[in-house]
């Protein structure tokens, strides 16, 4: 080796000498010197890109120690071989290997950079946007705020947060009408009736997230009004961070699924109805996950505007931010939720397709209707191979079932289970780039990047399949004996269609969560059956 090194050093002396002045032997040495120099440049490039990759790997902190040592050792050995080979007869092999390795390393570096970018995007501070609308009747001649100078304004104090009054103050300021008053109503029945009469109320100031809620109770309300002015109020979402060690200790994630049924633009940062409400209890030691679904229309005590509590639909808590939904479910089950994941459920199409499709195990055979999908997909009882469109259609259908929303909730859980199973399988390794592209626009979470890194390291260090089990809260659409139609205390609606969860079902969910947290190994269906048999 030393002879080769000395010869190469001597060859370098001829690099920049005029060819015409050299002998045949010296020309050969010049060519050999250029070959060595090019080889060293290629090896230097390999060293630089290896350094960049290692920097990213250390920054991401997703590799277990044994893999980290192996990667470093491999890169070092390849570098040493490529470097030393430039001074031997194997220099051609070293050059080829340096080029190939540089290409592979650059590719992995770009993928790791994309992962870093996605993690940073997912973990940005969530700025919730609350939009307040000033609305008039659709056939009203007014076309701008200036046309409302002499209008009579009103709002529903029961369903409004503090931003509504702030918006009205802005209206007065812009119109330069300090004498304008905002009439207070506590019932949507009274307010909507007065608004349609258009005498005592000619304009309503309301949270934009309430438009669809009111429209669900008063037919075509959203088409009978037009928005004259909108005000946006941004607030940093402050959910207390958890210090749980996710590699060893059980933890709980709230999964909030938001979807836009009518194709409107969707923003995860906006307050919106939460159509999917899943509590995921995860035990990393036993590799068990329990997904508990609570029906969106559950009539329970929710957290509303400015922390007020009252009986209302669970889905309406989403109108007041993800923290309101979390607080509602924590109170219902007596648990502490560590993190949340907010999902654009319609956006699941891109993720499922990026995964190459998923397998959904359906409890029943059915064909979805137009409300769920323009294509009437047919699903069999048992495993169904689904692409993104099929998975979302499966999750949105409810009219095909006698159990309605209860079955839809179970189907949504089955779809998420299918996604988790595919995402934690070896198949994910060939789909990473497409999955990262899809995930970046679909998820919003408060899980710290370091915690996500710990979860990835956990999965890489132990490839044992997760045992993912599900449980859905049961209930009735009929009020308990002696109780009249539901009054929604937060949104101020009467006679709305709701679900009355069974107390026994909630208690069962609490027991199941506790068993997962305690590290018990069991089958959910068998355990629930045993409880029912003992009860009978």
Inside region 135-164, the number of residues satisfying the requirement of being in contact (Cβ under 8 Å) with a residue 24 or more places away in the chain and more than 31 Å from the chain's Cα centre (by Cα) is 20
Evaluate region 386-396: report whether one residue or more is buried (at least 16 other Cβ atoms within 10 Å of the Cβ), closer than 29 Å to residue 461 by Cβ and in contact with a helix residue (DSSP H, G or I) (Cβ under 7 Å, 6 or more places away or on another chain). no
Whether any residue in region 243-260 is surrounded by fewer than 19 Cβ atoms within 10 Å (Cβ to Cβ), under 20 Å from the mean Cα position of the chain (by Cα) and either modelled with pLDDT under 85 or more than 28 Å from residue 424 (Cβ to Cβ) (or both) is what I want to check. yes
Residue by residue through region 270-279, note down the ones that are in contact with a strand residue (DSSP E or B) (Cβ under 6 Å, 6 or more places away or on another chain) and modelled with pLDDT under 95. 270, 271, 272, 274, 275, 276, 278
For residue 383, are the conditions met, namely being within 25 Å of residue 434 (Cβ to Cβ) and without any contact (Cβ under 8 Å) to a residue 12 or more places away in the chain? no
Residue count, region 299-341, condition buried (at least 20 other Cβ atoms within 10 Å of the Cβ), assigned to a strand (DSSP E or B) and out of contact with any helix residue (DSSP H, G or I) (no Cβ under 6 Å at 6 or more places or on another chain), comes to 4
Result of the Cβ filter at 8 Å on region 433-457, keeping first residues that are in a helix (DSSP H, G or I) and partners that are at pLDDT below 70, at least 6 apart or interchain, is 435/428; 438/347; 439/122; 449/123; 452/122; 452/123
Return yes when residue 153 is buried (at least 18 other Cβ atoms within 10 Å of the Cβ), touching a helix residue (DSSP H, G or I) at 6+ places or on another chain (Cβ under 7 Å) and within 14 Å of residue 229 (Cβ to Cβ) and no when it is not. yes
Looking only at region 420-431, decide whether some residue is in contact with a helix residue (DSSP H, G or I) (Cβ under 9 Å, 6 or more places away or on another chain), modelled with pLDDT of 85 or more and under 19 Å from residue 278 (Cα atoms). yes
If only one of 211, 175 is under 20 Å from residue 489 (Cα atoms) and either without any contact (Cβ under 8 Å) to a residue 60 or more places away in the chain or surrounded by 15 or more Cβ atoms within 10 Å (Cβ to Cβ) (or both), which one is it? 211
In region 449-484, residue surrounded by the most Cβ atoms within 10 Å (Cβ to Cβ) [restricted to those that are more than 25 Å from residue 421 (Cβ to Cβ) and touching a strand residue (DSSP E or B) at 6+ places or on another chain (Cβ under 8 Å)]: 475
Can you tell me which of (1) in a loop (DSSP other than H, G, I, E, B); (2) without any contact (Cβ under 8 Å) to a residue 40 or more places away in the chain; (3) within 27 Å of the chain's Cα centre (by Cα) is the one residue 490 doesn't meet? (2)
Across region 376-399, what is the total count of residues that are modelled with pLDDT of 90 or more and in a loop (DSSP other than H, G, I, E, B)? 5
Scan region 65-87 for residues that are surrounded by 14 or more Cβ atoms within 10 Å (Cβ to Cβ) and closer than 21 Å to residue 38 by Cβ and jot them down. 78, 79, 81, 82, 83, 84, 85, 86, 87
Can we say residue 286 is in contact with a strand residue (DSSP E or B) (Cβ under 8 Å, 6 or more places away or on another chain), assigned to a loop (DSSP other than H, G, I, E, B) and either over 29 Å from residue 232 (Cβ atoms) or at pLDDT 90 or above (or both)? yes
For region 76-95, enumerate the residues that are over 13 Å from residue 44 (Cα atoms), touching a helix residue (DSSP H, G or I) at 6+ places or on another chain (Cβ under 9 Å) and assigned to a helix (DSSP H, G or I). 85, 91, 92, 93
With the structure loaded, tell me whether residue 344 is surrounded by 24 or more Cβ atoms within 10 Å (Cβ to Cβ) and modelled with pLDDT under 90 or whether it fails that test. no
Could you grab me the full set of residues in region 175-222 that are more than 18 Å from residue 133 (Cα to Cα), at pLDDT below 90 and in a helix (DSSP H, G or I)? 217
Would you check if there is a residue in region 23-42 being part of a helix (DSSP H, G or I) and at pLDDT 90 or above? yes
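The values are calculated or read from the model by the stated rules, or taken from the named source; none is laboratory data. Note that the structure is a prediction, hence the values are computed from the model and not measured. FYI the Cβ positions are ideal-geometry reconstructions off the backbone, even for glycines, and counts take in every protein chain you see.
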